[in-house]
1. Can you tell me which residue is modelled with the highest pLDDT among those in the stretch 119-149 that are part of a loop (DSSP other than H, G, I, E, B) and out of contact with any helix residue (DSSP H, G or I) (no Cβ under 8 Å at 6 or more places or on another chain)?
2. For the subset of the stretch 126-140 comprising residues that are in contact (Cβ under 8 Å) with a residue 40 or more places away in the chain and either outside the structural domain of L97 (by TED's automatic domain parsing) or among the aliphatic types (A, V, I, L, M) (or both), which member is surrounded by the fewest Cβ atoms within 10 Å (Cβ to Cβ)?
3. If T46 satisfies every condition in (1) loosely packed, with under 15 Cβ neighbours inside 10 Å; (2) at pLDDT below 90 but one, which is the exception?
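The values are calculated or read from the model by the stated rules, or taken from the named source; none is laboratory data. Predicted model, so just to flag it, every value in this text is computed and none were measured. Using ideal geometry, Cβ is built from the backbone for each residue, glycine included, and neighbour counts are taken over all protein chains shown.
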Amino acid sequence: MSDSRRALAQTKTSRQQRIVQLLTHEEVSSQSQLAQLLTAEGIEVTQATLSRDLVELQAEKVRGSAGSLVYRLPPEGGTARPAGTEGELLEARLPRLAEGLLVSAEASGNLVVVRTPPGGAQYLASAMDRSVMPDVLGTIAGDDTVLLVSRDPAGGDRLAERLLDLAEGRRDAALLDEDDHGQEAP
């Protein structure tokens, strides 16, 4: 039986996948209970790491079937996004990942093609998807390329500039200017 436990890679991705499975099938009321369940499966995790995992997975405490508070995840491909403001975005993981992963950003109309090192596109697209960027319709990621779609038909240039600013460490770069969206549509 220890061989089957060992078959699970000790990576962040595999740990988070197992957390998703546990929260989907069990009523887990605390981080310590979740840590015990993971430890029983041979996955050692600190409370700090577990806390970060729960935030990244967007776990929330809701009333369970017994009336106690339990962790739940948003629906698959869900609509749950963290509530926040532009200022909170700049403290999130997007600026950190943009600095480390964004190689280039080129715009055409409402599209932005973002290049990353091989294997980096999924991480960067995930951070974009979870960030507070109301002018972004969505992202599609390959291995080293992210396609970002702006809601504004001509908004690609503005988004590319903001992403490049973040990649260069200018964290004061807002991803949505009030002036840009105060204009009436033709």
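1. G119
2. V132
3. (2)
Residue-wise test of (1) surrounded by fewer than 16 Cβ atoms within 10 Å (Cβ to Cβ); (2) basic (K, R); (3) assigned by TED's automatic domain parsing to the domain that holds E99; (4) closer than 19 Å to E56 by Cα.
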residue	(1), (2), (3), (4)
L124	no, no, yes, yes
G142	yes, no, yes, no
P153	yes, no, yes, no
G156	no, no, yes, no
